[in-house]
Amino acid sequence: MKKTFDGSPHTFGVAPQVWGLKTVFVNLYFVANPDGSWVLVDTGVYGSAPKIRKAAEELLGQNNRPQAILLTHGHFDHIGAVKELAEAWDVPVYVHPLELPYLTGQSSYPPPDPSVGGGAMAYMSFLYPKKPINIKHLVALLPPDGSIPGLPGWRWIHTPGHSPGHVSFFREEDRVLLAGDAFTTRDAESALAVMTEKREVHGPPAYFTPDWGSAHHSIELLSNLSPEVAATGHGKPMRGKELRWQLEDLVRDFWFKAVPRRGRYVHEPAVTDERGVISVPPPVGTTIPKVLAIAGTVAVAGLAWAALSKRNNKRQQHRHYNQTGERPFSHNRVVQGIPPTVDPDYDDPHVHTNNYP
C-alpha cells in the first residue's frame, strides 16, 4: 500500500493515507489506516463503480476490499455506485439516522431549486434525481458516540443544512476534514467552475440546499475546528491559512455570500424528521424557459461571461449591504413546531409525502 499521498494515475492526494477521485463533477475519497485497511467515503455518480474499483486497486492493492462505505449524504451524485459496490464487496454502508429515509425508499428529498445560483448547474437541477433509493439491506447507522467503524482516529460530525442527515469526517491528529457538501471549494452552481476547478471556499450547492439556517451553523462548526486540510464533494482540496481565512469569511458573511437573494428555501426551510420530508415551501416562479434557452445557446464564452457577471453582481450586492448594515436573510432559522405550510385545521403535520411539486 502507498505510504505517501501523491495519489495514483487516476486519483489525487489529499493528506497522508487519504486520496480523492473525481467522477464527472463530484469527488469521493479513499481513507486508509496504517495497517492497510480502508474505507470509501461516498460513491460518485451512477456508473462510477468500475472507475472506483480500478482506483482502489491502484492505491490499496488487489483483493483488498474496504471495511465499510461511509456516506456524507444521499444525494444522487454521492450514491451513484453505492449499491453495486456494497454488494460486490459485501460491506455495510454507514449513514446518519436522519438520512435513512432517502436511502430506504421512504421519502424523496426536498425538490431542487433551479431559480438559485445563476449558473448552468443550477438551471439544470430540475433534471437531477431526487427520489429515494432503497438499500435497506445494506445500510447501518453511524455510532452515536461519533466514532467511525473501520476508521480509528477519525470522528463524524453532524452538519445538516444541505441535507437533513449530512455528516462530515474529521481526523483530529492532523486536522484533516472531509466536508462533503457542507461547503465546497469551488462554485458548485457554475459549469465553468466545474471545468476550471478554481480553488475557492463557497457555501453548499444552492440548488440542493433546503435549510440555510442549519447550513450556516454547520459551516461555523467546521470552521471552529481550524482544519489544516479540507476536501469537499465539489472542488480541489484546500489547505492552511488560506482555507481557514476563507472559511471564517464565509461564516461571517454567509447571508450575503452563500444564501441566494431569492429562492424556494431562502425564507422558509423544508421541514423534515427521521421519516423524511413533512413539508416544503411553494416553488418560486418557473425556470423551464430559462433551461430551454440555455440548452440552445450555452457555450464556453457565454458561461465565462455569466460567471464574471455573477461575481461582479455579488461584489456590488455585498458592498451595498455592508453600507446599509442590512442582513436580509438573518431571520431564516430552523422552523420549530408546526410547519407554516401546514394548515392545522385540515392537514396532519406529521404526514410524510412525496407528492410535492
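General remarks:
- Pairs where the first residue, in region 59-76, is basic (Lys, Arg) and the second is part of a loop (DSSP other than H, G, I, E, B) and modelled with pLDDT of 95 or more, C-beta under 9 Å, 6+ apart: ARG65/ASP90; ARG65/VAL91
- All strands (runs of 3 or more DSSP E) inside region 1-90 with 1 or more residues being aromatic (Phe, Trp, Tyr), open to solvent by less than 20 Å² (accessible area, probe 1.4 Å) and touching a helix residue (DSSP H, G or I) at 6+ places or on another chain (Cβ under 7 Å): 18-23, 26-32, 38-41
- Test result for ASP6, under 22 Å from LYS131 (Cβ atoms) and modelled with pLDDT under 95: no
- Of residues in region 131-181 being polar (S, T, N, Q) and touching a helix residue (DSSP H, G or I) at 6+ places or on another chain (Cβ under 8 Å), the one surrounded by the fewest Cβ atoms within 10 Å (Cβ to Cβ): SER168
- Summed over region 208-260, the residues that are part of a helix (DSSP H, G or I), in contact with a Pro (Cβ under 6 Å, 6 or more places away or on another chain) and open to solvent by 10 Å² or more (accessible area, probe 1.4 Å) give a count of 2.
- Strands (runs of 3 or more DSSP E) fully within region 95-177 that include at least 3 residues being at pLDDT 95 or above, of a type outside the set (S, T, N, Q) and under 16 Å from the mean Cα position of the chain (by Cα): 154-158, 167-171.
- Cβ-Cβ under 9 Å pairs, at least 6 apart or on other chains, region 152-164 side within 13 Å of TYR109 (Cα to Cα), far side among the hydrophobic types (A, V, I, L, M, F, W, C) and part of a strand (DSSP E or B): PRO164/VAL277
The values are calculated or read from the model by the stated rules, or taken from the named source; none is laboratory data. Fair warning: this is a prediction, and the values are worked out from it, not measured in the lab. Backbone-built Cβ (ideal geometry, glycine too); neighbour counts: all protein chains shown. With ligands, DNA and RNA removed, areas are computed over all heavy atoms of the protein, side chains included. Shrake-Rupley method; radii C 1.70, N 1.55, O 1.52, S 1.80 Å.
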